Amino acid sequence: MSVDFDVLSEEVLKAAGLRMPFGKFEGTRLIDLPEPYVVWFKQQGFPKGRLGEQMALVYEIKANGLEKLIRPLLEIQPESDADKP
């Protein structure tokens, strides 16, 4: 099985930059959500669909200490309308 790293990179950045659409942290980028909040979702179950997949990806980023690698890339990437609340 081959991995398309361009697509993977794009998906990681989309997930990290996506704004939380509901709840206490509505409007916050997923990468900026507090880790305990993301862990709580992991334990309770992520939302269904695309948002849940992206939150699960952000959980893996946070759990593996990769935020320091992602944040600089988000700063140079323009925010799309789809990522705004």
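The values are calculated or read from the model by the stated rules, or taken from the named source; none is laboratory data. Since this is a predicted model, take the numbers as computed values, not measurements. Backbone-built Cβ (ideal geometry, glycine too); neighbour counts: all protein chains shown.
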Can you name the condition, by its number, that Lys48 falls short on among (1) touching a residue at least 24 places away in the same chain (Cβ under 8 Å); (2) among the charged types (D, E, K, R); (3) outside any helix (DSSP H, G or I)?
(1)
Would you call Lys14 on the phi < 0 side of the Ramachandran plot and loosely packed, with under 15 Cβ neighbours inside 10 Å?
no
Note on the range 47-74: residues surrounded by fewer than 13 Cβ atoms within 10 Å (Cβ to Cβ), within 20 Å of Pro34 (Cβ to Cβ) and of a type in the set (D, E, K, R) are Lys68
Do any residues in the range 56-69 that are more than 11 Å from Ala16 (Cβ to Cβ) and at pLDDT 95 or above have Cβ atoms under 6 Å from those of residues that are outside any loop (DSSP other than H, G, I, E, B) and not basic (Lys, Arg), where the two are at least six apart or on different chains, and which pairs are they?
Tyr59/Val38
If we keep just the residues of the range 14-33 that are not aliphatic (A, V, I, L, M) and not in a loop (DSSP other than H, G, I, E, B), which is nearest to Gln54 (Cα to Cα)?
Lys14
For the range 19-69, what are the residues that are acidic (Asp, Glu) and closer than 18 Å to Ser9 by Cβ?
Glu53, Glu60, Glu67
